[in-house]
Amino acid sequence: MKSLRTGALLLSPLLFVLLAAFVVPLLLLVPTSFQEYRPGQGIATDAWTVQNYVRIFADEFYREVVLRTIGLGAAVTLCCLILGYPVAYLIVRGNPRWRLPLTLLVIFPLMLNLVVRSFGWIVLLTNRGVINNLLIDLGLIERPLRLMFNLTGLMIGLTHIYLPFMVLMLVAALQNVPRDVEAAASTLGSSRLHVFRAVTLPLTAPGIIAGSILVFVLTISALVTPRMLGGPTYQVMATLIYDEYMQLLDWPSGSALSFALAISTILIIWISSRMTKRWAGLA
Amino acid sequence: MKSHSLLAAATALAGIVASSHSASAQELVLGSFGGSFADNVTACYIEPFEAATGATVITKLGSSSQHAAAVRATAGQSDMDVVFADDAFAVQMANEGLLVTLNRAQLSNAPEIIDGAWAADDAYVAAMLGATTIIYNKETVTTPPTSWNDLFDPKYEGRVTIGDVSGTSGWQFLAALNQMEGGTLDDITPGIEKVKPLAKSSALLYSQADQVVALFERGEIDIAVWYPDRAGVAAGNGLPLAAAYPKEGAVGIRPTVSIPKGIGQEELAHKFIDTVLDAENQKCFSERQFIGSVNKNVTLSDEVSAIVPVGEALEKMLFLDPNDMATRLPEWTRRWQREVLR
């Protein structure tokens, strides 16, 4: 009984901040999302409508943006996992002398401002940017490749920015894998690949889940990088919400989209964590 | 006893500090646009205002739509005392009842201001006259463009930039094309159809005016639908840019100043707007920002007159009713997102 109360007391500052700064403002948006926006006049407070929500599913453009956002989230997560796992493995299992420099290398991008990092990619990827100029000078291409304002640019930028989160999660998970379990499997005649597939990978599943959820959620809610590398043409849900709020002043539509994003995020996290837990034999 | 007197002294001291603070240092928060605009607002409006009133001006930078969103979010207790916003957004704020009706009696310069600058019910007043028109690189474009159609010339393919519909130049260019193609404000289809190929081949659909400077600097574009005032500033910094006014008519921009409701210092805010409307300050701003003045008593230098619309270009200029635009822009934006960008 006492420990429960102590636990609640320890939690309360964070709980209070989350409730006051996150849950309450979110709930305040609920009524707005059911109101109608009349251009030129403002938000109509006298009528209620579900049109803002219906539009997200009925309207082809919104549907495309929603699917694109979720697809982008999944793709960036997969890229981070594939690129990040070997790095994490090398940090934990490689030469201990390399551990610190490698970890620093992974963390280093986090020390730079997000806008600076995204702008760096603009300098590299734009039509007359470093990459295109180099390829043109080498005579490999004649017209600049379109590396920005499309999926390519966003994938590159977001994978780079969120890779450190994945690697750090995987490092923690790999450190928790007891070496003697792997040794036991080897002694019993497993090949190195089989040891990895049957022992190491399932044992790091909690890290994979945590890292994937983190990267996925950060990706689908990212605003700055998609705005800078996607421009006004390549919209994701976060930029669309921003535009509805700040440019069209259509707060009801923006609120409805925000809720759709929040709810789909929670659903996807719930389903994926259940699935992965079953795979890892934790359920 | 001792602690009591100490407390009393501390309270008294705090009182003196607080009252002297509110009496001498008045603060005015100004919602302004960024870039060279903000620098010139400081030089031509804020400095004379601070010198005359002793008040301190704090600027908050943003776009018209961001300012409008902020004024709505803080309805009735705005943190900004005076706001710059394009007329389509100013009229939106006025229609939502967020703005104070300007009192011309408190504005000594009001009689010198052209009639077209005032809102129907004096909810705001235009502070300057800008335009959306064609800006080109004098070194690569040898014959100055004369029509919006020149932008569609195949020789410029991929070397043109136009603005996204979210920015003023974006929807104004759409409106101008639509009118050229025989559409009306209620039927934007001809404009959408016309702009589509250009938007697809555009080097960039810019969403911030200053992005275009970088495109001209890096030589990525030869020609743009942009603002003569920005071009004038960039030309002053050494870029070989010139403005051309199409025969179909450029589109006029009226950035306005207004006072949100419930700020508690409307008199000071009126004084700031009066400073903005003053002939000398208007001339200062126009010459630095390369933008037209709303004060009848301002005569511009030749250098500025070459960039801002004057004479025939001014007569042909298309002015769109901000009330009409505020109701149509959301629909235009939706169609742009769905039909032009995909």
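Read-outs: derived from the displayed coordinates by stated rules, not from any lab. It should be emphasised that the depicted structure is a prediction, and the values quoted were computed from it without experimental measurement. A quick note on method: Cβ atoms are made from the backbone with ideal geometry, for glycine too, and the neighbour counts reach across all protein chains shown.
Taking amide hydrogens as placed 1.01 Å from N in the peptide plane, the amide H of residue B:26 sits under 5 Å from those of B:56, each at least 5 positions away in sequence or on another chain. In terms of other Cβ atoms within 10 Å, B:44, A:80, B:284 run from fewest to most in the order B:284, B:44, A:80. Helix screen, chain A: DSSP H segments with Cα axial length of 27 Å or more and mean Kyte-Doolittle hydropathy at least -0.5 are A:60-93, A:151-175, A:251-279. Peptide A:232-240 is shielded by partner chain Cβ atoms: per residue, an average of 3 of them sit within 10 Å of its Cβ.
In plain terms, the chain from residue A:82 to residue A:38 could stretch by 11.1 nm, reckoned as 0.36 nm per residue minus the Cα-Cα distance.
What shape does chain B take by its C-alpha gyration tensor, where a ≥ b ≥ c are the square roots of the eigenvalues and a/c under 1.5 counts as rounded, a/b above b/c as prolate, and the rest as oblate? Taking the square roots of the gyration eigenvalues as a ≥ b ≥ c, chain B is prolate.
Rg over Rh for the stretch A:152-283 works out to 1.14, using Cα positions for both radii and the Kirkwood form for Rh. For the protein assembly as shown, taking a cut-off of 4.7 Å between Cβ atoms, the unpaired cysteines are A:79, A:80. Here the gap between residue B:155 and residue B:339, fully extended at 0.36 nm per residue and compared with their Cα-Cα distance, gives a gain of 63.7 nm.
Over all pairs of different C-alpha atoms, the protein assembly as shown has a mean inverse distance whose reciprocal, the Kirkwood radius, equals 28.0 Å.
Separation of the alpha carbons by more than 30 angstrom is noted, of B:196/B:283; B:155/B:247; B:60/B:200, for B:196/B:283; B:60/B:200.
Each residue, residue B:265 and residue A:64, gets one label point 7 Å from its Cα in the Cβ direction; the gap between the two is 4.9 nm. Considering all C-alpha pairs of chain A, those separated by over 34 Å amount to 37%. Taking GluC sites (Glu not before Pro) in DSSP loop conformation with at most 14 other Cβ atoms inside 10 Å as exposed sites, chain B has its longest uninterrupted site-free stretch at B:158-342.
Relative to the longest principal axis of the Cα atoms of chain B, the long axis of helix B:266-277 lies at roughly 40 degrees. For the peptide A:143-150, the mean number of other protein chain Cβ atoms found within 10 angstrom of a residue's Cβ is 1. Counted residue by residue at 0.36 nm each, then reduced by the alpha carbon distance between them, the extension gain from residue A:275 to residue A:28 reaches 85.6 nm.
Close amide H contacts of residue B:60 (hydrogens built in the peptide plane, cut-off under 5 Å, sequence separation of 5 or more or a different chain): B:30, B:31, B:32. Seen against the Cα atoms of chain B and their longest principal axis, helix B:2-24 is set at about 40 degrees. Counting only DSSP beta bridges with both residues in the protein assembly as shown, the antiparallel share comes to about 65 percent. The label-point distance for residue B:186 and residue A:188, in a model that sets each label 7 Å from Cα toward Cβ, rounds to 7.9 nm. Model label points for residue B:201 and residue B:52, set 7 angstrom from Cα along the Cα-to-Cβ axis, are 5.1 nm apart.
Within 10 Å of the Cβ of each residue in B:64-70, the mean number of Cβ atoms contributed by other protein chains is 3.
Here the residues A:253, B:258, A:33, ranked from fewest to most Cβ neighbours within 10 Å of their Cβ, fall in the order A:33, A:253, B:258.
In terms of other Cβ atoms within 10 Å, A:107, A:56 run from fewest to most in the order A:107, A:56.
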